[in-house]
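Participant: After the structure tokens below, expect a handful of questions from me.
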Amino acid sequence: MNKIIPLSLIAIASLYASEIELAPINVESTTITQVSENAQVSADLAQAISASVPSIDMNRRSGIANDIYIRGQKRDNISVEVDGTKVCGACVNRMDPPVSHILANQIDEIIITEGPYDVENFGVLSGGLSIKTKRPTKDLYAEVNLGYGSFNYIKYGATVSGGNDTVRMLVSASSESSDQYEDGDGNTIAQQIDAYATTYPAVAGTKYKAEYADMKAYEKKSLMAKMFINLGNNQEVRLSYTANRSDDILYGNSKMDALYDDSNIYSVEYNIKDISELVENINLQYYYSDVDHPMATKYRMSSNMPAMDNTNHLTTSMQGIKLKNKFDIDSYKLLVGLDSSERTWDGKYYNTTTGLPLAAGNSKSIDDALTTNVAIFTKLDKRYNALSFSMGLRYDSTEITHATLSSNDYTALNMNLFTSYDLSNENRVFIGVGQASRVPDARELYFVSSNGTIVGTQNLDQTTNQELDLGYELSSENMNFKVKGFYSMLSDYIYYNNSLASSKFVNIDATIYGAELSASLYASDELVIDAGASYKKGQKDKAMAGQTDTDLADMAPFRANIAVNYEYMNNSIATLETQYSAKWTDIDSDNGEQELDAWSVINLKVKHEINKNFDFTLGVNNLLDTTYAVNNTYTDLTLITGNTSDIMLMNEPGRYIYTNLTAKF
């Protein structure tokens, strides 16, 4: 793909005030802090960060367990890791994305990488999340969190931490449930399907049975436990375990619901710091995660027919080991590491009632796929007076095997350079260039639908992203302002072609470019005005076989936010916020996307500190009860379809009132 990168593009940003706070700006990434303290609408991480960072959009799938895009990129094009542990979902229809396996109330901070600038983790093609959960403290600390909201949303949570010079421990547990939310028209999740089936009677089988039409939208329980053991001589062992147990999650515009979604995340870490003047730190970590996810038609009318009473039961596991060495060499910061991981993925179809496999040849959706990766990486940081730079390299060797089908081998060299220059104490410019690759996953290579259609394409090439980022930042006493632009060239981009009868995933060449902006104006000691905006556009180099549309899917239109925050007393803040999205017109209509109306919503929030031990939050989202949808209907998801140009959308919740009481001791 030969292209000239326009140097005039501008861009980045992140500052929506509704949910979570941004830390001081880093030109390579965006850090959001105090996540557990501020994400109080629900424990759904996708909802919290998409309302706070302009480069991130949300894909609404349910009342919880929603997915995210970073600059229009999702699935394996972005990476999610939790405390160094790579997390993957099991569902081929993205009902359990990686961000759904960690809850907002467990998180301390999130580092968001926008672009191919992370060499430490496998598969960071166009961005990723590095999630840092709460750490155990030596001093005894306890927190209790109670939440209640519209649609009978109830949350209970508690965290206890403490220890001594030798051992520190933390235990955090939570329980959360909700009835089905109502959209601005007053329709529940089930009633949204009913309304769609009125227009398209052929999809009546996807409606909920009468006995399930009013069931809860989800129930979710989580437990996180950590133990840090000080071995002396700057050595520490860190043990952690996170369990998530979700039951009966309803996915309105999908054809199935999750009977349950259970995940476990384990980590053992050995850390040595301040070894010598040369060796700053050595860190060795082993991790393991697994997900068990059966999705079924059990609650739908279609299951009244024995042949349609089906389950697709998917499981996945991910284990890895990583060694990182940090050196301080004459003011050069050098990181050298080894990374190895192994992911299994398996899925089978069976009759939900009898437990028997489906017809011969349709019993497996994914048949024991195994992805093995080995990599070496390095990163060098240096500052010369006003100039600083960061350079990274990573070499990957990956093998993907299947129980019966052909295997695939891939190698890739990822590299990047990011520099910034201080024009003054308050002004800075920065520029980055990078290249990264990601291999196809087992769904894209091998997935078979329940009717026997081979959806995966066995000979896919890996995708490579070559990207330019540049921008400007102003940070003064009265104002923070940041604008950043990017231009991304995607070679062998893995894309879903709905016009094909089988082997629907293909490699194409494409470009994505855009801009993001954020600003904070400190009008007075009490009044702060925050604003953010984002725009992106994606284009295929040429239309795919059997199609004419060259627009890329998942490219949300221009979106903007402005919030006024007033601190009416110490640590007590009232926020008035407006969010806006332009009409969604640049769509891939050949692959299921449709024009969506522009929308705007108003949110109100008051967080009041009663005293140093108690604070209380009262908020209203979507004050005017607007009916709107935030994401589109790209056919790489299996959704309810009455007409190929009118796939069922999921509307956002209508007026939502929530309260939260936090007690700290």
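None of the figures in this text is laboratory data; all of them are computed from the coordinates on show. On a predicted model such as this, the values are computed, not experimentally measured, just so you know. As a convention, Cβ positions derive from the backbone with ideal geometry for all residues, glycine included, and neighbour counts pool all protein chains shown.
Participant: Is there a quick way to get the dipole size of the chain? I mean about its Cα centre, with the Cβ of Lys and Arg at +1 and of Asp and Glu at -1; what is the value in debye to the nearest 20?
Facilitator: The dipole of the chain has a size of about 580 debye.
Participant: So what is the 222 nm mean residue ellipticity for the chain from helices alone, if each DSSP H run of at least 4 adds -39500 (n - 2.57) and you divide by all residues, rounding to the nearest 500 deg cm²/dmol?
Facilitator: Value at 222 nm, helices only: -1000 deg cm²/dmol.
Participant: In whole Å, how far is the Cα centre of the range 627-665 from that of the range 84-120?
Facilitator: About 20 Å separates the Cα centre of the range 627-665 from the one of the range 84-120.
Participant: Once you have the Cα-Cα distance between A195 and A403, take 0.36 nm times their residue separation minus that, and quote the gain in nm to one decimal.
Facilitator: Length gained, A195 through A403: 70.6 nm.
Participant: Here's another thing I want to ask about it. Taking every pair of Cα atoms in the range 381-491, average 1/r, invert it to obtain the Kirkwood radius, and report Rg/Rh to two decimals.
Facilitator: 1.21
Participant: Further, regarding this structure: What whole-number distance in Å separates the alpha-carbon centres of the range 390-453 and the range 224-262?
Facilitator: Measuring centre to centre over Cα atoms gives 25 Å.
Participant: Suppose R0 equals 35 Å; then what is the FRET efficiency for N611 and Y270 from their Cβ-Cβ distance, rounded to the nearest 0.05?
Facilitator: 0.25
Participant: How far is the Cα center of the range 297-356 from the Cα center of the range 490-510, in Å?
Facilitator: Centre-to-centre (Cα) distance: 23 Å.
Participant: Of I494, T641, A403, which is farthest towards the positive pole of the chain's charge dipole, taken about the Cα centre with +1 and -1 on the beta-carbons of Lys, Arg and Asp, Glu respectively?
Facilitator: Highest projection toward the positive end goes to A403.
Participant: With 5 Å bins from zero, work out the P(r) of the range 74-212 over every alpha carbon pair and list the percent per bin.
Facilitator: 2, 8, 12, 12, 14, 14, 14, 12, 7, 3, 2, 1, 0, 0
Participant: In nm, what is the difference between 0.36 nm times the number of residues separating K221 and A142 and their Cα-Cα distance?
Facilitator: Gain on extension, K221 to A142, equals 26.5 nm.
Participant: In nanometres, what is the gap between the two model label sites at N478 and A598, each 7 Å from Cα along Cα-to-Cβ?
Facilitator: Calculated label separation equals 3.2 nm.
Participant: What does DSSP give for the chain in terms of the percent of beta bridges that are antiparallel, rounded to the nearest 5?
Facilitator: 100 percent
Participant: Further question: Largest first, please: the extent of the C-alpha atoms of the range 569-624 along each principal axis, to the nearest Å.
Facilitator: 57, 19, 16
Participant: Would you mind computing, in nm to one decimal, how far apart the modelled labels at I321 and N304 are, each placed 7 Å from Cα along Cα→Cβ?
Facilitator: If labels sit at I321 and N304, their model points lie 5.6 nm apart.
Participant: Just name one of S62, Q435, I229: the one whose Cα is farthest towards the positive end of the charge dipole of the range 21-664 (beta-carbon charges, Lys/Arg +1, Asp/Glu -1).
Facilitator: After comparing all options, I get I229.
Participant: Put a dot 7 Å past each Cα toward the Cβ at L527 and D330; how far apart are the dots in nm?
Facilitator: The two pseudo-label positions are separated by 5.4 nm.
Participant: With charges set only on the Cβ (+1 for Lys and Arg, -1 for Asp and Glu), what does the dipole of the range 165-264 come to about its Cα centre, in debye to the nearest 20?
Facilitator: 460 debye
Participant: Please state the charge dipole magnitude for the range 371-500, taken about the Cα centre, from unit charges on C-beta atoms (+1 on K and R, -1 on D and E), reported in debye and rounded to the nearest 20.
Facilitator: Charge dipole of the range 371-500: 180 debye, to the nearest 20.
Participant: Let me ask you something else. For the range 579-648, run through the GluC sites (Glu not before Pro) and keep only the ones in DSSP coil with at most 14 other Cβ atoms within 10 Å of their Cβ.
Facilitator: E595
Participant: I've got another one for you. What is the total of Lys pairs in the range 285-400 with C-alpha atoms under 30 Å apart, excluding same-chain pairs fewer than 8 positions apart?
Facilitator: 13
Participant: Could I ask something else about it? How about the range 536-638: which trypsin sites (Lys or Arg not before Pro) there are in a DSSP loop, with at most 12 other Cβ atoms within 10 Å of their Cβ?
Facilitator: Counting only loop positions with at most 12 other Cβ atoms within 10 Å, the trypsin sites (Lys or Arg not before Pro) in the range 536-638 are K542, K583, K612.
Participant: How large, in Å, is the range 608-665 by the Kirkwood hydrodynamic radius built from its alpha-carbon pairs?
Facilitator: 14.9 Å
Participant: Taking a point 7 angstrom from the Cα of L624 along the C-beta vector, which residues in the range 565-579 have backbone N less than 17 Å away?
Facilitator: Under cut-off, by backbone N: 576-579.
Participant: Could I ask something else about it? Averaged over all directions, how much area does the convex hull of the C-alpha atoms of the range 328-379 cover when projected, in nm²?
Facilitator: 5.7 nm²
Participant: Can you give the convex hull volume of the alpha carbon atoms of the chain per residue, in Å³?
Facilitator: Normalising the Cα hull of the chain by residue number yields 147 Å³.
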